[in-house]
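Remarks on the structure that follows.
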């Protein structure tokens, strides 16, 4: 399988990039739907349960009754968890905690399977030159916008130029994603996916293990 190799200076196709047998990586729809449910439900839920422990109780500091003479058990305050309206022991503390998660091998299979499906659909392009100097080199801004779809993602690595980030970060149809933070939701939700050549070469090496 071959995909387009694009140069950012000319904003045009230079040649074809050989992906080998990467298109043979397949993934089931059930696995992708399981990941999307995990991403949409657990990652974006807003409710967070929060209970107060004894350190957070501020209105129960007074001693309820005298230490001696009442015949009752001694208590210094009603903030204890044995009193009505008191603190809660080992309760939720407001953190997001996933109810379930996918195993690592399943996530890896879904990631490279979705990327292979995008390659077969012709929605993935490899970017050849990404570390040029915009101040010295001529950058065709309008031609680059013509390559973008309704929603495009540019996956870059550490070699990207800061000048390039400043130039294209305000494009409404383009989203810049670091290669370390690319996930399955980004791959499936975009129309066009532009990946740096070094990043895509590394993805091909790791994706061969899923064939």
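Does residue 73 count as surrounded by 15 or more Cβ atoms within 10 Å (Cβ to Cβ) and farther than 20 Å from residue 115 by Cβ? Taking the combined requirement at face value, the residue does not satisfy it.
Screening 129, 125 for residues that are touching a strand residue (DSSP E or B) at 6+ places or on another chain (Cβ under 6 Å), surrounded by 14 or more Cβ atoms within 10 Å (Cβ to Cβ), assigned by TED's automatic domain parsing to the domain that holds residue 197 and modelled with pLDDT of 80 or more leaves exactly one candidate, 125.
Within the range 144-187, the set of residues being within 21 Å of residue 35 (Cβ to Cβ), surrounded by fewer than 17 Cβ atoms within 10 Å (Cβ to Cβ) and in contact (Cβ under 8 Å) with a residue 60 or more places away in the chain comprises 183, 185.
With respect to residue 10, is the statement that it is exposed (fewer than 13 other Cβ atoms within 10 Å of the Cβ) and either assigned by TED's automatic domain parsing to the domain that holds residue 114 or touching a helix residue (DSSP H, G or I) at 6+ places or on another chain (Cβ under 6 Å) (or both) true? Criteria not met by residue 10.
The values are calculated or read from the model by the stated rules, or taken from the named source; none is laboratory data. Quantities reported herein were computed from a predicted structural model and do not represent experimental measurements. Counting neighbours? That spans all protein chains shown, and the Cβs are built from the backbone with ideal geometry, glycine included.
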